[in-house]
1. Got a sec? Which residues in the stretch 16-41 would a label at Asp60 touch, if it sits 7 Å along Cα→Cβ and we count backbone N under 20 Å?
2. In a GNM of the chain with a 10 Å cut-off on Cα contacts, which of Val98, Val11, Val57 has the highest mean-square fluctuation?
3. Could you give the angle, 0 to 90 degrees to the nearest 10, between helix 18-35's Cα long axis and the longest principal axis of the Cα atoms of the chain?
4. With the dipole of the chain worked out from charges on the C-beta (+1 for Lys and Arg, -1 for Asp and Glu) around the Cα centre, which of Thr77, Ala61, Pro113 lies farthest toward the positive end?
5. Can you give the FRET efficiency to the nearest 0.05 for Ser108 and Ser37, using r as the Cβ-Cβ distance and R₀ = 30 Å?
6. Helix-derived [θ] at 222 nm for the chain: sum -39500 (n - 2.57) over DSSP H runs of at least 4, divide by residue count, nearest 500?
7. Testing the spin-label approximation: label points 7 Å from Cα along Cα→Cβ at Val26 and Ala48. State their distance in nm.
8. Can you give the angle from 0 to 90° between the axis of helix 64-81 and the longest principal axis of the chain, with both taken from C-alpha atoms, to the nearest 10?
Amino acid sequence: MKFWVNVPVQVIGYTGDLGDNIDRVVEELAKLDACKSDLLDFSADSDATDDTAEFAVTVDAPSLEEALKVGLSCIRTAIHATGAATHGWDDSRGENDVVIYQVDTDESVEVRPLVSA
């Protein structure tokens with residue numbers, strides 16, 4: 001079954017343009033997309049006025065719980081591949097010069113099944 005997983009984040013400690021930082025994560029998602037059969041599609045959006053971004057992935061999974069697990073894993077992997085941290089997603093703490101992507105609350109993560117045509 002196909003699911004859409006959307007993760008809004010606060011981006012802290014970045015330098016330069018927020019969009020450039022998000023583009024690096026998108027490049028890593030593209031690499032994952034090329035080698036992971038359960039990652040079907042991805043997108044990202046950012047807003048520099050409040051230093052937020054949203055990453056969304058479409059995944060193939062047998063259940064909502066597995067879709068959440070796969071979706072979060074893909075997004076976290078892409079973020080970490082850029083050298084950034086995911087404060088609040090795990091026990092790691094970013095250094096002062098590391099970009100940090102932080103989920104505001106667990107309730108903000110959205111997972112929903114996609115209707116098959």
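Here, each number is a calculation from the coordinates, and none is a lab measurement. In this text the structure is predicted, and so the values were computed from the model without any measurement. For neighbour counting, all protein chains shown are included, and Cβ atoms are generated from backbone atoms with ideal geometry for every residue, glycine included.
1. 29-41
2. Maximum among the listed residues: Val98.
3. 40
4. The one lying farthest along the dipole's positive direction is Ala61.
5. It comes out at approximately 0.60.
6. -10500 deg cm²/dmol
7. 1.4
8. Taking the Cα atoms of the chain, the angle to 64-81 is about 30 degrees.
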